[in-house]
Amino acid sequence: MSVSLIAAVIGLLLATLFAAIWWLRHSNRGLEWLLLAAPLAFAASYLSSFLFRVAEYQAGCNGICPGWYGHPIATHLDDGFGDFVFDPVGFVLNAAIYYAIIVSASAFVAWLANYLRWPDRSVRWRLAFVAIVVVLPLALTPIWIPPPRPELPQRDLRLGINAARAWRWQLQSGSFFGRRLAVEDVRLHPDGEQHRVCFRMYTWFYIPYRHAYVDLEPTGVRATGGGVIPLNASCWVQP
């Protein structure tokens with residue numbers, strides 16, 4: 001386990017502990033919320049297996065590398081035969097992370113609401129508060145928190161970065177719905193000379209939107225084409 005991962009786990013545990021103490025000391029229903037957050041966390045872990053999916057990939061692999069479902073910890077693992085098997089340990093650990101996030105974030109929202117005198121505010125003000133402090137940050141999470149992607153070797157990672165840059169600027173394909181691109185794989189173009197990068201496109205609230213693919217010239221710098229296809233279509237059969 002890396003030092004950065006250990007630090008992140010310790011930080012998350014401390015944040016959860018402080019948030020739990022805050023709930024118990026400052027809310028009459030703090031204990032009820034701490035208990036309710038547990039099934040919500042398991043529901044979020046379950047939902048993540050539908051939102052966050054990494055398909056089998058070839059970049060940097062001798063053959064096919066297995067994919068997974070779920071994030072930040074995999075809840076389903078590729079069995080190597082195209083099927084994904086439920087991992088109960090990963091599911092519980094994933095739920096524990098979501099529990100920490102729910103308890104900590106809700107404590108901050110509740111503290112801010114009390115600081116701004118929530119009981120004395122109008123219904124319109126309360127709706128605006130929820131929209132700005134809760135709904136908007138959730139909608140914008142794809143912009144500042146990256147979705148899962150394969151661990152690519154340096155060469156393929158560079159191709160992925162160039163393809164994402166070309167998608168946004170050269171191809172002028174940015175849209176209101178496509179908020180985040182996650183590399184799925186990097187392979188040779190069907191012509192055997194160029195490179196093709198396949199992305200999983202996420203929109204607001206991390207909802208999977210489409211696949212996007214970008215074809216790069218042999219040097220891997222500039223794009224020669226690209227397109228958007230449904231999630232159930234393959235990037236590798238496009239002309």
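Structure notes:
- Two-site FRET efficiency, Y115 against E193, from Cβ-Cβ distance with R₀ of 45 Å, rounded to 0.05: 0.15
- Taking each residue as 0.36 nm, the span from Y46 to N28 lengthens on full extension beyond its C-alpha to C-alpha distance by 3.5 nm.
- Remark on D185: its backbone amide H falls under 5 Å from those of C198, a criterion applied only to residues 5 or more positions apart or on other chains, H modelled at 1.01 Å from N.
- Across the stretch 230-237, rounded Karplus estimates of 3J(HN,Hα) from the backbone phi angles (6.51 cos²θ - 1.76 cosθ + 1.60, θ = phi - 60°) give x, 5, 8, 9, 9, 5, 9, 10 Hz, Gly and Pro being marked x.
- Amide H contacts under 5 Å for T203: R179, Y209, restricted to partners 5 or more places along the chain or on a different chain, H placed in the peptide plane at 1.01 Å from N.
- Stretching T224 away from R126 to a fully extended chain increases their span by 30.3 nm, per 0.36 nm per residue minus the current alpha-carbon distance.
- Backbone geometry of the stretch 68-81 corresponds, through the Karplus equation with coefficients 6.51, -1.76 and 1.60 at θ = phi - 60°, to 3J(HN,Hα) couplings of 6, 10, x, 6, x, 10, 5, 9, 9, 10, 5, 8, x, 10 Hz, x marking Gly and Pro.
- Rounded to the nearest 10 degrees, the inclination of helix 3-26 to the longest alpha-carbon principal axis of the chain is 30 degrees.
- J(HN,Hα) series, the stretch 159-165, from Karplus relation 6.51 cos²θ - 1.76 cosθ + 1.60, nearest Hz, glycine and proline x: 5, x, 5, 4, 5, 5, 5
- Order by protection proxy (mean Cβ within 10 Å, highest first), peptides 233-239, 63-69: 63-69, 233-239
- Distances between placed amide hydrogens fall under 5 Å for H76 paired with Y69, D87, all partners being 5 or more residues away or on another chain.
- Mean Cβ neighbour count within 10 Å, used as a protection proxy, ranking 138-146, 120-128, 30-38 highest first: 30-38, 138-146, 120-128
- Sequence of T219, T203, T16 once ranked by neighbouring C-beta atoms within 10 Å, starting from the fewest: T219, T203, T16
- Exposure proxy shown here: for V134, V103, V228, V214, the number of other Cβ atoms within 10 Å sets the order, fewest to most, as V134, V228, V103, V214.
- Cα lying deepest toward the dipole's positive end in the chain, options G60, P142, V186, charges on Cβ: P142
- Förster radius 41 Å - calculated FRET efficiency between A233 and L35, Cβ distance, rounded to 0.05: 0.40
- Prolate/oblate/rounded call for the stretch 86-169, Cα gyration tensor, a/c under 1.5 rounded: oblate
- Shape class of the chain from the alpha-carbon gyration tensor: prolate, with a/c at 1.5 or above and a/b greater than b/c.
- If a spin label sat at a point 7 angstrom from the Cα of A105 along the line to its beta carbon, the backbone N atoms of the stretch 128-163 nearer than 16 Å would be those of 130-148.
Values quoted throughout were computed directly from the atomic coordinates according to the rules given, and no laboratory measurement underlies them. Note that the structure is a prediction, hence the values are computed from the model and not measured. Ideal geometry is used to build each Cβ from the backbone, glycine not excepted, and the neighbour counts take in all protein chains shown.
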